[in-house]
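To start, the structure itself, in structure tokens.
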Amino acid sequence: MCQFTNNFYSAVRCLAGNGPVKQRLLSAYTENLEMLREADAPEQIRERLLKLRTAMHSVKPLSFESAAAASVRKMSKADAAQHALNIVAMFSELVRVKATGEILQPAREHSDRPDRDADSDRPALN
């Protein structure tokens with residue numbers, strides 16, 4: 001999960017840079033987050049990462065641009081700013097989990113987790 005934290009850290013650095021929010025969002029996403037797979041994402045951020053990916057691929061691109069570039073081009077500045085805030089929130093969640101020692105679990109069904117009680121998300125008592 002270190003890859004996720006590092007990629008989100010780099011994305012946040014892009015977002016904190018100079019330039020219009022749409023340009024910073026596009027750079028943060030395409031350079032750091034686009035290659036991440038939702039299936040490998042920690043449960044804590046998986047749903048938000050999927051929503052971001054959906055938003056960043058919501059517009060059919062013209063022949064000379066990527067889907068992310070087309071989607072950001074059609075976004076309002078307010079929507080782009082909200083997506084940027086969501087990236088910061090996901091990074092914050094990754095850091096919070098790391099700081100508390102909580103285990104970052106890749107998203108999967110509870111039945112695939114033998115170390116967990118089948119009826120809950122509590123550790124199994126052995």
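The values are calculated or read from the model by the stated rules, or taken from the named source; none is laboratory data. Note that this is a predicted model, so its numbers are computed, not measured. All Cβ positions, even for glycine, are placed from backbone atoms using ideal geometry, and neighbour counts span all protein chains on display.
Annotations
- Residue match in segment 39-49 (condition: in contact with a strand residue (DSSP E or B) (Cβ under 9 Å, 6 or more places away or on another chain), part of a loop (DSSP other than H, G, I, E, B) and of a type outside the set (D, E)): yes
- Index of the failed condition, S92 passing every other in (1) under 19 Å from L26 (Cβ atoms); (2) hydroxyl-bearing (S, T, Y); (3) assigned to a helix (DSSP H, G or I): (1)
- Test: residue in segment 18-35 that is of a type in the set (A, V, I, L, M), buried (at least 17 other Cβ atoms within 10 Å of the Cβ) and part of a loop (DSSP other than H, G, I, E, B): no
- Residue pairs whose Cβ atoms lie under 7 Å apart, sitting 6 or more positions apart in sequence or on different chains, and linking a residue in segment 73-88 that is more than 10 Å from L25 (Cβ to Cβ) to a partner that is outside any helix (DSSP H, G or I), are K74/V59.
- The single condition among (1) modelled with pLDDT under 80; (2) more than 17 Å from N6 (Cβ to Cβ); (3) loosely packed, with under 15 Cβ neighbours inside 10 Å that R116 does not meet is (3).
- Screening Q82, Q44 for residues that are in contact with a helix residue (DSSP H, G or I) (Cβ under 8 Å, 6 or more places away or on another chain) and either of a type in the set (F, W, Y) or closer than 30 Å to A99 by Cβ (or both) leaves exactly one candidate, Q44.
- Annotation: V59 fulfils all but one of (1) outside any helix (DSSP H, G or I); (2) among the β-branched types (V, I, T); (3) closer than 17 Å to L85 by Cα; the unmet one is (3).
- Residue within segment 96-111 that is surrounded by 11 or more Cβ atoms within 10 Å (Cβ to Cβ), of a type in the set (S, T, N, Q) and modelled with pLDDT under 95 present: yes
- Checking each residue of segment 75-85 against the condition of being part of a helix (DSSP H, G or I), surrounded by 20 or more Cβ atoms within 10 Å (Cβ to Cβ) and touching a His at 6+ places or on another chain (Cβ under 7 Å) gives no match.
- Neighbours by Cβ (under 6 Å, 6+ apart or cross-chain): first from segment 18-41, farther than 17 Å from A70 by Cβ; second charged (D, E, K, R) and surrounded by 13 or more Cβ atoms within 10 Å (Cβ to Cβ): E38/R46
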